[in-house]
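Any read-out appearing in this document is the output of simple, stated calculations on the displayed coordinates, not a laboratory observation. Every value quoted in this text rests on a predicted model; they were computed, and no experiment measured them. Cβ placement follows ideal geometry from the backbone for every residue including glycine, while neighbour counts extend to all protein chains displayed.
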């Protein structure tokens, strides 16, 4: 597998990253991707369960905006 090479521009970096990952996907087994998806989804669920939910006012204050409510 080839290495991820840096581009001269942001767009070239993005294209190189896409090519890099496309090669990894083609070269990997379905079982590998199934395990990777499982890890990702489980971590997202755990993160959501631990998250502190903000009120609209708290969220807008974090963004530096005023709440009209």
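With semi-axes defined as the square roots of five times the eigenvalues of the C-alpha gyration tensor, the equivalent ellipsoid of the chain measures 37, 23, 7 Å, largest first.
Between residue 63 and residue 47, the simple label model (points 7 Å from Cα in the Cβ direction) yields a spacing of 2.0 nm. Between residue 5 and residue 28, what FRET efficiency follows from the Cβ-Cβ distance if R0 is 30 Å, with the result rounded to 0.05? Rounded to the nearest 0.05, the efficiency is 0.90. Relative contact order of the chain: what whole-number percent is it, with Cα pairs under 8 angstrom and at least 6 residues apart? Computed over the chain, the figure is 16 percent. Note on residue 16 and residue 36: with the Förster distance fixed at 25 Å, the Cβ-Cβ geometry gives a FRET efficiency of about 0.75. Angle of helix 10-27 to the longest C-alpha principal axis of the chain, folded into 0 to 90 degrees and rounded to 10: 60°. Considering only 58, 23, 12, the mean-square fluctuation computed in a Gaussian network model of the chain, springs between alpha carbons under 10 angstrom, is largest for 58. Sorting 53, 17 from the fewest to the most surrounding beta carbons within 10 angstrom yields 53, 17. Per-residue ellipticity at 222 nm from helix content only, as computed over the chain with -39500 (n - 2.57) for each DSSP H run of at least four residues, stands at -22500 deg cm²/dmol.
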